[in-house]
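See below for the structure under consideration.
The values are calculated or read from the model by the stated rules, or taken from the named source; none is laboratory data. For clarity, every value in this text was computed on a predicted model and none was experimentally measured. We place every Cβ from the backbone using ideal geometry, glycine too, and count neighbours over all the protein chains shown.
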Amino acid sequence: MQNKDHQRTTYHYQPPAYWMNDPNGLVQWKGNYHLFYQHNPDSPLHGNMHWGHAMSSDLIHWTDLPIALAPTRGGPDEEGCWSGCFVDNQGTPTLIYSGNAHGRQLPCIATSSDDDLRTWQKYAGNPVIAGWPPDLDIVEYRDHCVWREGDQWYQLIGSGIQGVGGTALLYRSPDLINWEYLHPLCIGNKDETGTMWECPDFFPLGDKHVLTISSIPHGLVYYFIGSYQNFTFTAEQQGVLDASMHFYAPQSFRDEQGRRILFGWLREGRDDAALQAAGWAGVMSLPRILSLRDGALSMEPAAELTSLRHRHHQIAPQLIECQQLISEQFSSNALEILLEIEYSGHCEVRIEDKSYPDERLQINLQETGVSIEQTAGNHQSTEQCALEPGRHTLHIFIDGSVLEIFIDNRQCITERFYHSAPQQLGMSIFSNEGTTRLHGLDVWELRA
């Protein structure tokens, strides 16, 4: 039934049915990519957390595998196996996750001996950390990022300090079992970056280190770029990983090519009744490749996505005068759009099916920045980010109810939009104020 649902995606990963949220345990193992994720196998609503599992040889086409982790009755994860990560412990695949029991979450581990990581054995001594740090007044404690330095393991756990702000707590261990609390790696301001930091991710990138966190209550993902020495992180710049609250809880990993690849959870914009009727919730973002360019964060779609290109449309470079419109029609709602455009006033990029005039996705390029307005059915929303007029490249992906935009490979905006019926989309560019110069427009209809 779900495969006939026009809101579902064609080339983004999502499980066959029911609830999905955070990506977990991302790894390339023995040549194959593995995507674990938070999953409720019994309902399209949040709860009953398991670890779902999918595998791919190319980051694009995924094979669903059996549940990797499930709650154990009477165990330290009896109320859910929550978010965590994967590490290679001297050849032994190991998961570190938050086990939830009696309303408190503590770190647990599980190991596998399978080449395809299908079956996992939980450590009998779970949880491996017995309680929260006694000298801090913290508000929450969950989600894990673990890495190796020298002969020691290090772990970050997401948390928040009462009345101060979100934080990521740093631990050290010789064996993944016996952990010593060190100190907060970084402490935020509750007004600027939230009271609780979920899903911390910490990794080297170029000659710097990057910390990403998902903020409560802001609902945004912040990143910090800085220096890491002697187990101390000094943030030097800060930004938002995606301008939308639809993108959340990302995790990254380094693949065999040395790329830093990031996935995020694309949250729904529908209420529980709509999710129950649909029978599913949650989409995984496209794989984003992270790098540092001129000292700033760069994000671009994985090159593997070009293998999905099918029918190609191209519009020649041209000047679009004020109040002038150009348009093109497609026969799909799975599209890749590469738009190079220069504007001085207000330019509108509209994506719609002319048969449904009340349902439109509109990208506004203005002096104040970029905004996305969408109206579909009973859903209306606006997302926006800063951008100065000038020449810019917008790399746009549309897939069912998902829109992802990469702006100059520096900023991203994600949107969810829910058409009332299957649609064949068209695109138009309208110069509302001033002139707009189209330097290039390529559109591909995509097929998985």
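Go through region 158-178 and report how many residues are farther than 17 Å from Tyr228 by Cβ and hydrophobic (A, V, I, L, M, F, W, C). Break it down into steps so the answer makes sense when it comes.
Just the residues of region 158-178 that are farther than 17 Å from Tyr228 by Cβ, to begin with: 158-166, 173-178.
Within this subset, residues satisfying the condition of being hydrophobic (A, V, I, L, M, F, W, C) are 161, 164, 176-177.
Residues flagged as farther than 17 Å from Tyr228 by Cβ and hydrophobic (A, V, I, L, M, F, W, C) within region 158-178 amount to 4.
In region 384-398 there is no residue matching the filter, namely being of a type in the set (D, E, K, R) and under 16 Å from Arg8 (Cβ atoms). Within region 55-76, residues that are over 30 Å from Ala130 (Cα atoms) reach partners that are assigned to a loop (DSSP other than H, G, I, E, B) and among the hydroxyl-bearing types (Ser, Thr, Tyr) with beta carbons closer than 6 Å, at six or more positions or on different chains, in the pairs Trp62/Tyr13.
Among what's in region 371-388 and is in a strand (DSSP E or B) and either surrounded by fewer than 15 Cβ atoms within 10 Å (Cβ to Cβ) or small (Gly, Ala, Ser) (or both), pick the residue that is modelled with the lowest pLDDT. Write out each step before concluding.
Narrowing region 371-388 to residues in a strand (DSSP E or B): 371-376, 379-385.
Still in the list and also either surrounded by fewer than 15 Cβ atoms within 10 Å (Cβ to Cβ) or small (Gly, Ala, Ser) (or both): 371, 376, 380-382.
Working: Ser371: 93, Ala376: 77, Gln380: 66, Ser381: 69, Thr382: 76.
Among them, the one singled out is Gln380.
Scoring Asn409 on the criteria (1) surrounded by fewer than 17 Cβ atoms within 10 Å (Cβ to Cβ); (2) on the phi > 0 side of the Ramachandran plot leaves a single failure, condition (1). Only a single item in (1) surrounded by fewer than 23 Cβ atoms within 10 Å (Cβ to Cβ); (2) at pLDDT 95 or above is not met by Leu69, and it is number (1).
Applying the condition of being of a type in the set (A, V, I, L, M), out of contact with any Gly (no Cβ under 8 Å at 6 or more places or on another chain) and closer than 24 Å to Val139 by Cα to region 176-209 and asking which residue is surrounded by the fewest Cβ atoms within 10 Å (Cβ to Cβ) yields Leu182. Screening region 412-448 for residues that are farther than 26 Å from Leu266 by Cβ and among the small types (Gly, Ala, Ser) and picking the one that is surrounded by the fewest Cβ atoms within 10 Å (Cβ to Cβ) gives Gly440.
Apart from one condition, Lys354 fits all of (1) closer than 30 Å to Asp294 by Cβ; (2) over 27 Å from the mean Cα position of the chain (by Cα); (3) part of a loop (DSSP other than H, G, I, E, B); the exception is (1).
Considering only region 234-247, I want to know if a residue exists there that is under 21 Å from Gly52 (Cα atoms) and not aromatic (Phe, Trp, Tyr).
Yes, some residue in region 234-247 is under 21 Å from Gly52 (Cα atoms) and not aromatic (Phe, Trp, Tyr).
Within region 11-31, the set of residues being touching an Asp or Glu at 6+ places or on another chain (Cβ under 7 Å) and surrounded by fewer than 16 Cβ atoms within 10 Å (Cβ to Cβ) comprises Pro16, Lys30. In this entry, Glu348 is excluded by the filter for residues that are of a type in the set (D, E, K, R), surrounded by fewer than 17 Cβ atoms within 10 Å (Cβ to Cβ) and in a strand (DSSP E or B). Looking only at residues in region 123-166 that are free of Cβ contacts under 8 Å to residues at least 40 places away in the same chain and not in a loop (DSSP other than H, G, I, E, B), the one that is surrounded by the fewest Cβ atoms within 10 Å (Cβ to Cβ) is Glu149. Residues in region 77-114 that are outside any strand (DSSP E or B) and crowded, with 16+ Cβ neighbours inside 10 Å: Asp77, Glu79, Gly80, Ser112. Does region 298-309 contain any residue that is crowded, with 20+ Cβ neighbours inside 10 Å, of a type in the set (Gly, Ala, Ser), at pLDDT 95 or above and outside any strand (DSSP E or B)? No, region 298-309 has no match at all.
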